[in-house]
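Working notes, structure below.
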Amino acid sequence: MLFTQNKPIEEVLESLGTEKNIFLLACNGCAEACGTGGEKGLSEMGAELEKAGKKITGTCLVDFLCNKVLVTTRLSREMDKIQQANSIVVLTCGIGVQAVSAVVDKVVHPADNTVSLGGLAGLWPSDERCQACGDCALDYTGGICPVTSCTKGLLNGPCGGAADGKCEIDSEKDCGWIKIYERLEKVGRLENLKKIRTPRDHSKMLPSEQLRKTSFYDIETKT
Amino acid sequence: MKLIERFEQGKFVITCEVGPPKGIEIEKVIDELEALRSKVDAFNVTDLQSSVMRVGSLATCRLLKDRNLEPICQLTCRDRNRLGLQSDVLSAAVLGIKNLLCLTGDHPKLGDHPEAMPVFDLDSVQLLSAIKALMDGKDMGGNDLEGRPPDFCLGAVVNPGAEPLEPQIMKMEKKVEAGAEFFQTQAVYEVDKFAAFIEKVKHLKVPVMAGIVLLKSPAMARFMNANVAGIYVPDQIINELAGVAKEKRVEKSLEISARLIRELKGLCQGIHIMSLGWERHIPAVLEMAGF
Ligand code: SF4
Ligand code: SF4
């Protein structure tokens, strides 16, 4: 899930400036679950905007704003009201905002901030995180990701900052490397830590030219 | 002078820490070191210690060298990616710096610019390997260098108070494999625990310098116990310091450090003093410890 928080209303109003007629759009997926979108987000934002003297030309709720096919179909029925508006305020994650801008020729204002949960969490909500680093290390770390569970993304073991199993930046956050150590000890694979791991290849975080030529990549990125 | 030469001569090596200023008033920082000239083998110049923005280590090291004081340049992985780090290693070479101490570095969140981008492109082990490669005439991209940097003496750090200790030792082993020739430790107050640590790393056959932090007050000791990973000042020491009148504190503190140094002397190959502004007291501590 992509985690969002409402932007302060002052920030939204400032970005609207003198634009008076607003179309309001909210996502009914992740943003609904975070309480930043959905029916609740729509009505709260509608009330705030009206209080600030704006006119709402129309509202619309879309199940998954990140899905451009869905956005296009759903918004085609609202085109009149969108045309009357100076801009669209969107209650959704950064991907949703980008998807809307890609299919509607109107100024789009995000009303939410997408907040990092430290990487992708899998489609089913889970504690584990992946940053799609392109060179998975889970094999030698006992299935715990060093890139996301260690605050510094270290590959060769803990820094000197861990205390009581917690990370130096926050006494509430587990030290990823202590967890890796304990897991490897439990499964009898401590020797995995003996080998020096070479630096990450950060270019692997960019989609390769080859990948960009596949139809899979096309489907994922172009609608 | 490369620090390793001192160890090879069988000398008990003494280093202390210099924190460059926040701002450009560096003369007085260096002037303070004059009193230590004959007592200390080399000076660690910190690299934005505790993630606080200051004058850089490289420039300060060169200023020390100009005064004939031997610098150890600290390099952390916090602020520079592999391009910046390798470039600074070459810069160190052209500035005539012979000793480099490689560390991961504190997270920026702990310092005075918590909004800064944490880099950590390399970790301390990888940094050591990269410097080794530069000394062999190649950069990390496999490109040849025009002129090989001279062999540096490479140092690293270890935290003997970490719990669990084993992952620290495993990382220390990798640092040795990657080229670390000596180690400085986090502050030590528990001699028994340090002795147990030394026993566990003696197979590595590298000189270890025990860290000494001068305790300015009982409050500072309690603060470190609560906030600094791997440092534990036993109650007995805190009580000893708290038990004397305020005007006797400095003397007591120096006495405690001198005693620790005497007790640690037989266990390690040197000491590294982190005086945190108390540079002026170092000569007295060393004298009381018998140096
Ligand atoms: S090591 Fe890389 S690919 Fe593997 S889980 Fe972590 S971020 Fe994802
Ligand atoms: S304390 Fe642990 S999780 Fe935090 S940066 Fe150091 S090794 Fe990584």
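Would it be correct to say that B:Gly142 is more than 30 Å from A:Glu182 (Cβ to Cβ), surrounded by fewer than 16 Cβ atoms within 10 Å (Cβ to Cβ) and within 14 Å of another protein chain (Cβ to nearest Cβ)? Yes, satisfied.
When each of A:Leu70, A:Leu65 is tested for being within 20 Å of the chain's Cα centre (by Cα), away from ligand 2 (no atom under 16 Å from the Cβ) and either within 14 Å of chain B (Cβ to nearest Cβ) or part of a loop (DSSP other than H, G, I, E, B) (or both), the lone residue that passes is A:Leu65. Considering only the range A:3-17, I want to know if a residue exists there that is surrounded by 15 or more Cβ atoms within 10 Å (Cβ to Cβ), in contact with a Gly (Cβ under 8 Å, 6 or more places away or on another chain), on the phi < 0 side of the Ramachandran plot and aromatic (Phe, Trp, Tyr). So far as the range A:3-17 goes, no, none of its residues is surrounded by 15 or more Cβ atoms within 10 Å (Cβ to Cβ), in contact with a Gly (Cβ under 8 Å, 6 or more places away or on another chain), on the phi < 0 side of the Ramachandran plot and aromatic (Phe, Trp, Tyr). Within the range A:1-22, the residues that satisfy the criterion of being assigned to a helix (DSSP H, G or I) and either out of contact with any strand residue (DSSP E or B) (no Cβ under 7 Å at 6 or more places or on another chain) or free of Cβ contacts under 8 Å to residues at least 12 places away in the same chain (or both) are A:Ile9, A:Glu10, A:Glu11, A:Leu13, A:Glu14. Among residues of the range A:155-169 being more than 7 Å from ligand 2 (Cβ to nearest atom) and at the interface with chain B (Cβ under 8 Å from one of its Cβ atoms), the one that is surrounded by the most Cβ atoms within 10 Å (Cβ to Cβ) is A:Gly157.
Does at least one position in the range A:107-130 carry a residue that is in contact with a helix residue (DSSP H, G or I) (Cβ under 7 Å, 6 or more places away or on another chain), among the small types (Gly, Ala, Ser) and open to solvent by 20 Å² or more (accessible area, probe 1.4 Å)? Looking through the range A:107-130, at least one residue is in contact with a helix residue (DSSP H, G or I) (Cβ under 7 Å, 6 or more places away or on another chain), among the small types (Gly, Ala, Ser) and open to solvent by 20 Å² or more (accessible area, probe 1.4 Å).
Within the range A:143-152, does at least one residue satisfy the condition of being more than 16 Å from ligand 2 (Cβ to nearest atom) and either within 14 Å of chain B (Cβ to nearest Cβ) or crowded, with 17+ Cβ neighbours inside 10 Å (or both)?
Scanning the range A:143-152 turns up no residue that is more than 16 Å from ligand 2 (Cβ to nearest atom) and either within 14 Å of chain B (Cβ to nearest Cβ) or crowded, with 17+ Cβ neighbours inside 10 Å (or both).
The residue pairs whose first member lies in the range B:70-87 and is under 17 Å from A:Thr198 (Cβ atoms), whose second member is in a loop (DSSP other than H, G, I, E, B) and open to solvent by 10 Å² or more (accessible area, probe 1.4 Å), and whose beta carbons are closer than 6 Å, counting only pairs six or more residues apart or on different chains, are B:Cys77/B:Thr104; B:Cys77/B:Gly105; B:Cys77/B:Phe120; B:Asn81/B:Val119; B:Asn81/B:Asp121; B:Arg82/B:Asp121; B:Arg82/B:Met140; B:Gln86/B:Asp139. Among the residues of the range B:1-15, those identified as modelled with pLDDT of 95 or more and open to solvent by 20 Å² or more (accessible area, probe 1.4 Å) are B:Lys2, B:Ile4, B:Glu5, B:Arg6, B:Phe7, B:Glu8, B:Gln9, B:Gly10, B:Lys11, B:Phe12.
Pairing residues of the range A:160-178 that are under 21 Å from B:Ser124 (Cα atoms) and of a type in the set (Phe, Trp, Tyr) with residues that are within 6 Å of ligand 2 (Cβ to nearest atom) and at pLDDT 90 or above, at Cβ distances under 7 Å and at least 6 apart in sequence or on separate chains, gives A:Trp177/A:Cys150; A:Trp177/A:Leu154; A:Trp177/A:Pro158. Just checking, does the range B:107-121 include any residue being within 14 Å of chain A (Cβ to nearest Cβ), closer than 25 Å to B:Arg148 by Cα and modelled with pLDDT of 95 or more? Yes, the conditions are met somewhere in the range B:107-121.
Could you go through the range B:2-17 and let me know if any residue there is within 30 Å of A:His202 (Cα to Cα) and either touching a residue at least 12 places away in the same chain (Cβ under 8 Å) or not in a helix (DSSP H, G or I) (or both).
Checking the range B:2-17: not a single residue is within 30 Å of A:His202 (Cα to Cα) and either touching a residue at least 12 places away in the same chain (Cβ under 8 Å) or not in a helix (DSSP H, G or I) (or both).
Across the range B:76-115, the number of residues qualifying as open to solvent by 30 Å² or more (accessible area, probe 1.4 Å), within 15 Å of ligand 2 (Cβ to nearest atom) and among the hydrophobic types (A, V, I, L, M, F, W, C) comes to 2. Just a yes or no: is a residue in the range B:41-62 among the basic types (Lys, Arg), assigned to a helix (DSSP H, G or I) and surrounded by fewer than 21 Cβ atoms within 10 Å (Cβ to Cβ)? Looking through the range B:41-62, at least one residue is among the basic types (Lys, Arg), assigned to a helix (DSSP H, G or I) and surrounded by fewer than 21 Cβ atoms within 10 Å (Cβ to Cβ).
Restricting attention to the range B:164-192 and to residues that are open to solvent by 40 Å² or more (accessible area, probe 1.4 Å) and under 16 Å from B:Ile271 (Cβ atoms), the residue that is nearest to the other protein chains (Cβ to nearest Cβ) turns out to be B:Gln186. (1) over 14 Å from the mean Cα position of the chain (by Cα); (2) surrounded by fewer than 19 Cβ atoms within 10 Å (Cβ to Cβ); (3) part of a loop (DSSP other than H, G, I, E, B): which one isn't true of A:Asp80, the others all being true? It fails just one condition, (3). Just one of (1) modelled with pLDDT under 90; (2) at the interface with another protein chain (Cβ under 8 Å from one of its Cβ atoms) trips up A:Arg200, so point out which. The one condition A:Arg200 does not meet is (1). Scanning the range B:190-207 for residues that are in a loop (DSSP other than H, G, I, E, B) and under 17 Å from B:Gly10 (Cα atoms) yields B:Lys205, B:Val206, B:Pro207. Remark: pairs (first residue in the range A:23-40, on the phi > 0 side of the Ramachandran plot; second residue part of a helix (DSSP H, G or I); Cβ separation under 8 Å; 6+ apart in sequence or on different chains) = A:Gly35/A:Gly41; A:Gly38/A:Ala31; A:Gly38/A:Glu32.
The values are calculated or read from the model by the stated rules, or taken from the named source; none is laboratory data. Only a predicted model underlies this, so the values are computations on that prediction, with no experimental measurement involved. Positions of Cβ are backbone-derived with ideal geometry, glycine not excepted, and every protein chain shown enters the neighbour counts. Calculation scope for accessible area: heavy atoms of the full protein, side chains included, ligands and nucleic acids excluded. Shrake-Rupley method; radii C 1.70, N 1.55, O 1.52, S 1.80 Å.
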